[in-house]
Amino acid sequence: MVAFMSITIPFNRPSLTGNEFEYMRQAMGNGRLSGDGPFTKKCHAYLEQALGVPRVLLTTSCTHALEMAALLLNIQPGDEIILPSFTFVSTANAFVLRGAQIVFADIRPDTLNMDETQLESLITPHTKAIIPVHYAGVGCEMDAILALAQRHGIQVVEDAAHGLFGKYKGRYLGTFGALATQSFHDTKNFTCGEGGALVINDPQFIEAAEIFREKGTDRSRFFRGQVDKYSWVSSGSSYLPADLLAAFLLAQLESRETIQAKRRQIWHFYDEALADWAEGQGVTRPYIPHTCEQAYHMYYLLTPSLAYRTALINHLKTHGIQSVFHYVPLHLSKMGRKMGGQAGDCPVTESVSDRLLRLPFFNDLTEGEQTAVVETIRTFKPSPIELVSG
């Protein structure tokens, strides 16, 4: 029986930048803790200016931002949505809630992003939208995806949960599609515990987005003095985060350069320190195309086999280090099979899902902790069966 140490280096640990508590104190002093208060507006303005987009609206989660996107596109039962099988369930669920049929695309073996070369064959007269997911904050091939979508009259919604401030061909991720979504979950580069944002690149969606987000009322127009009173004008829900959360988030966003510099250092430390080991073990490191500037969201390894990954996770755990795998293919899940998914539909996804291992990665991961992770990995001695690809 393998004896495991208590975890001393977790996979994720939330980090403070310095102003979070002061901003939260100010928010409480403002007497306005509900949504769209002063700090929410400051976050909106920061992101709009930084990304160069017409409108950003904070939401309670990236999931809710995706649900708003589905509402804005008027997704109806029978509409088809193309998205990668290798993604978080929210990417699909937001559209399933509207009655959509999910069409699963496989991923590229290099970037692990949606394979744009397969999309044409997946499009039918019922296709309503394509949802590219910028895995690990590395941009999808947006030129090809946008050209295909335009040719077929299909909308593009970017799931940029991993990608804030990453770039594709010099342009920020989340600024290509008509709509895009961001995440400020506990595990993201910038966090408020739970939170998200809808990025609106096509101005035609701004007014409807404000109404859907405000329980189907024109309350935003009322506060701008555009109507004398607000009332129920549409279907909608409540997607506003508390201003207290926005206060925490603003402190994180304002420390953008410091946070990204630290994450860049961690990523490159892993990549350089594990290069020769990975080559000797048949382990693949992340691939970043020259057209992309990554967001430094995570560092992962692709091991030769499921057995190898399992053994490496256990090896790290015995030394008090937590590492994790990632997505289980959506097309092979219970819901995915109801959508018609079958084994073999997305072979790259199925292989990658079995072999991908994520290393500890968070803003205040110390140099000593980074070194401990690398040195522990380098002492790993796989058995012959664990080295077999599969």
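Bear in mind these aren't lab numbers, they're just calculated from the coordinates by the rules spelled out. Bear in mind the structure is a predicted one, so any value in this text is a computation, not a measurement. Heads up, the Cβs are rebuilt from the backbone with ideal geometry, glycines too, and the neighbour counts pull from every protein chain shown.
Numbers below:
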quantity: Residue order, fewest to most beta carbons within 10 Å, for Trp232, Trp277; calculated: Trp232, Trp277
quantity: Close Lys-Lys pairs in the chain, where close means Cα under 25 Å and separation is 8 or more or interchain; calculated: 21
quantity: Rg/Rh (Cα only; Kirkwood hydrodynamic radius) as it applies to the range 214-323; calculated: 1.24
quantity: Whole-angstrom gap from the range 270-311 to the range 355-384, using each part's C-alpha centre; calculated: 11
quantity: Average projected area [Cα convex hull, the chain], square nanometres; calculated: 20.3
quantity: Lys, Arg +1 and Asp, Glu -1 on Cβ, resulting dipole of the chain about Cα centre, debye, nearest 20; calculated: 640
quantity: Within the range 256-387: Cβ-based charge dipole about Cα centre, in debye rounded to nearest 20 (Lys, Arg +1; Asp, Glu -1); calculated: 520
quantity: Lys, Arg +1 and Asp, Glu -1 on Cβ, resulting dipole of the range 1-87 about Cα centre, debye, nearest 20; calculated: 380
quantity: Percent RCO, i.e. relative contact order, over the chain, from Cα pairs under 8 Å lying at least 6 residues apart; calculated: 23
quantity: Radius ratio Rg over Rh of the range 256-387, counting only Cα atoms, Kirkwood formula for Rh; calculated: 1.00
quantity: Counted charge near Gly52, where neighbours are those whose Cβ lies closer than 13 Å (Asp, Glu -1; Lys, Arg +1); calculated: +2
quantity: Fraction of antiparallel bridges per DSSP, the chain only, in percent to nearest 5; calculated: 60
quantity: Mean Kyte hydropathy of 0.0 or more with a Cα span along the axis of at least 30 Å, helices from DSSP in the chain; calculated: none
quantity: log10 of Debye I(q)/I(0), alpha-carbon scatterers only, for the range 1-128 at 0.09, 0.18, 0.19, 0.23 Å⁻¹; calculated: -0.48, -1.09, -1.12, -1.29
quantity: Cα lying deepest toward the dipole's positive end in the range 31-101, options Thr91, Leu51, Pro77, charges on Cβ; calculated: Leu51
quantity: For the range 192-217 versus the range 46-72, the gap between their alpha-carbon centres in whole angstrom; calculated: 6
quantity: Selection from Asn189, Ala246, His64, by position along the positive dipole direction of the range 20-254 (Cβ); calculated: Ala246
